[in-house]
Amino acid sequence: VRYATITTRLDGDGSRAWHVHDLAAERIERGEDVIALTIGDPDFVTPPAIVEAMFASVRAGRTHYSPARGHDALLDAIALRVSRHAGRPIAREEVVFLPGAQAALYATCLVLLEPGDEVIVPEPAYATYEGVFMTAGATIVHVPLRPERGFHLDVADVERGITERTRVVVINTPQNPTGAAFDEPTLRALVALCERHDLWLVSDEVYAELVFGKRHVSALSIHEGRERVIAISSLSKSHAMTGFRHGWAVGPAEFADNLDRLLQSMLFGSPPFIQDAGLAALQAADDVTSSMCAAYEARARVVVDGLAGVPGVRVRMPEGGMFVLADVRESGLDDLEWALGLLEQEAVAVLPTGTFGPSGRGHVRIGLAASEDRLAEACRRIARYAGTISS
Ligand SMILES: Cc1ncc(COP(=O)(O)O)c(C=O)c1O
């Protein structure tokens with residue numbers, strides 16, 4: 001028996017990033033006190049009103065097929081939510097509901113990319129991207145997000161990566177793992193570049209609601225790009241709903257129609273009660289999300305303050321998201337060695353980001369899905385560990 005070549009492309013380098021996480025999970029399973037800061041799954045409970053809305057939906061018999069792209073009421077609610085960031089009305093016809101941003105990204109790639117096409121991805125990038133684009137048969141062209149620029153995108157770097165095979169530029173803002181949020185001039189220049197070279201711009205905005213102290217700038221807000229910009233997001237992070245698998249893709253109506261046709265084959269609809277739970281989340285007041293955002297900001301501050309002055313560890317305050325990226329290059333260890341040593345000596349698990357792309361080498365990602373006390377304790381352990389390396 002033989003498998004299709006797609007199976008050889010499913011795991012990118014990024015899958016190796018989880019090694020430290022897996023080791024930590026084994027130790028926690030054995031009952032050890034490991035502070036695990038490896039993943040981006042919120043530690044908050046899903047708000048009870050959302051859970052209740054799901055049960056009510058099931059009890060009301062909403063347990064049958066639904067339209068492939070989602071129910072109209074939900075599409076309208078997503079459109080309304082996204083229009084706040086886009087600064088223009090979004091029509092229901094521009095929205096497709098999918099089970100999470102991950103699925104939205106995957107399905108989007110299938111309708112935009114041919115085997116052999118190139119996709120430009122600023123790195124360090126979210127670890128699953130590689131598998132997603134490679135599965136579509138595309139070749140990834142990395143462009144650097146430079147630490148010395150605070151990991152902000154230099155559009156000239158993107159331009160240098162363009163060839164006649166380039167079809168798509170994929171960005172993520174606020175960015176995982178760097179915490180950089182791209183500003184309006186950068187997005188404007190990027191849209192103009194995509195316009196000149198007839199490229200799609202796919203913007204992963206799953207952390208859109210978790211921006212600290214300023215407004216999120218969506219790629220959809222650059223109105224000149226409305227024919228070529230696709231924004232992807234979900235309720236995973238904003239409402240602690242990772243297990244619900246509730247996300248969306250928003251783009252030109254023709255793109256949405258093509259996605260709809262793909263979903264007809266791929267999913268044949270998504271659970272109506274999950275859609276209804278998401279509808280309740282989108283219709284509720286924003287205080288749930290704003291309090292989570294404030295909590296992540298406060299936690300990031302605890303980490304940044306807790307690691308200030310620690311030898312061989314440099315941190316900066318993220319602009320949004322659920323992570324602090326720490327630069328450990330001065331330690332002389334590579335990021336995997338550094339993270340393994342920290343786990344071994346101090347029972348703190350963080351994610352080495354060398355496999356997120358070359359610019360992530362020598363950095364580790366510290367997740368903020370833990371209480372301030374736990375994070376403060378993690379910082380004390382990190383400081384002790386860093387002291388042993390530098391001495
Ligand atoms: C940048 C980025 N995109 C997409 C996802 C996947 O999100 P979802 O749970 O909506 O599939 C994540 C999850 O961590 C992420 O960090």
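The values are calculated or read from the model by the stated rules, or taken from the named source; none is laboratory data. Because the structure is predicted, anything quoted here is derived from the model rather than measured. Ideal geometry is used to build each Cβ from the backbone, glycine not excepted, and the neighbour counts take in all protein chains shown. These area figures cover heavy atoms from the full protein model, side chains too; ligands, DNA and RNA do not enter into them. Shrake-Rupley method; radii C 1.70, N 1.55, O 1.52, S 1.80 Å.
The table that follows gives values for the structure above.
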| read-out | value |
| --- | --- |
| Scattering profile of the stretch 3-67 at q = 0.12, 0.17, 0.22, 0.25 Å⁻¹ [log10 I(q)/I(0), Debye over alpha-carbon scatterers] | -0.71, -0.86, -0.90, -1.04 |
| Cα-Cα P(r), the stretch 123-227, percent of pairs per 10 Å interval | 14, 49, 34, 3 |
| Rg and Dmax [Cα atoms of the stretch 112-184; Å; Rg one decimal, Dmax integer] | 12.1, 35 |
| Convex hull volume of the stretch 92-148 per residue (C-alpha atoms, cubic angstrom) | 99 Å³ |
| Square roots of five times the Cα gyration tensor eigenvalues for the stretch 1-148, Å | 31, 26, 19 |
| Sum of -39500 (n - 2.57) over DSSP H runs of 4+, divided by residues of the chain (222 nm, nearest 500) | -12500 deg cm²/dmol |
| Candidates Glu209, Glu372, Glu337, ranked by Gaussian network fluctuation over the chain, Cα under 10 Å, top entry | Glu337 |
| The stretch 240-391 - convex hull of alpha carbons, volume per residue in Å³ | 161 Å³ |
| Residue-normalised accessible area of the chain, expressed per residue, 1.4 Å probe, Å² | 42 Å² |
| Crossing angle, helix 272-283 versus the chain [Cα axis fit, 0-90 degrees, rounded to tens] | 70 degrees |
| Extension gain, Arg384 back to Glu344 (0.36 nm per residue minus Cα-Cα distance, nm) | 13.1 nm |
| Rg/Rh for the stretch 339-388, where both radii come from Cα atoms and Rh is the Kirkwood radius | 0.99 |
| Max mean-square fluctuation residue, GNM over the chain, Cα-Cα springs under 10 Å, options Arg299, Arg59, Arg69 | Arg59 |
| Extended-chain gain in nm, criterion 0.36 nm per residue less alpha-carbon gap, Glu32 and Ser371 | 120.2 nm |
| Added length on full extension, which subtracts the Cα-Cα distance from 0.36 nm per residue, Phe44 to Ser291 | 87.9 nm |
| Percent antiparallel among DSSP beta bridges (both partners in the chain, rounded to 5) | 45 percent |
| Fraction of the pair-distance distribution of the chain above 25 Å, Cα-Cα pairs, percent | 56 percent |
| Amide hydrogen neighbours beyond the local backbone of His142, cut-off 5 Å, H modeled | Val121 |
| Relative packing of peptides 21-27, 233-239 - highest average C-beta neighbours within 10 Å first | 233-239, 21-27 |
| Model label zone, Ala91; criterion: amide N under 11 Å from point 7 Å along Cα-to-beta-carbon; scope the stretch 240-277 | 252-254 |
| Cα-only Debye scattering, the stretch 268-313: base-10 log of I(q)/I(0) at q = 0.13 Å⁻¹ | -0.54 |
| Space enclosed by the convex hull of the alpha-carbon atoms of the stretch 43-102, per residue, Å³ | 128 Å³ |
| For the stretch 198-291, the Rg and Dmax computed from alpha carbons only, in angstrom | 14.7, 42 |
| Segments 112-122, 254-264 sorted - mean Cβ within 10 Å per residue, highest first | 112-122, 254-264 |
| Percent carbon-and-sulfur accessible area, the chain, ignoring ligands, DNA and RNA, probe 1.4 Å | 53 percent |
| Under the Debye formula (equal points on every Cα, no solvent term), log10 I(q)/I(0) of the stretch 165-251 at q = 0.25, 0.27 Å⁻¹ | -1.26, -1.38 |
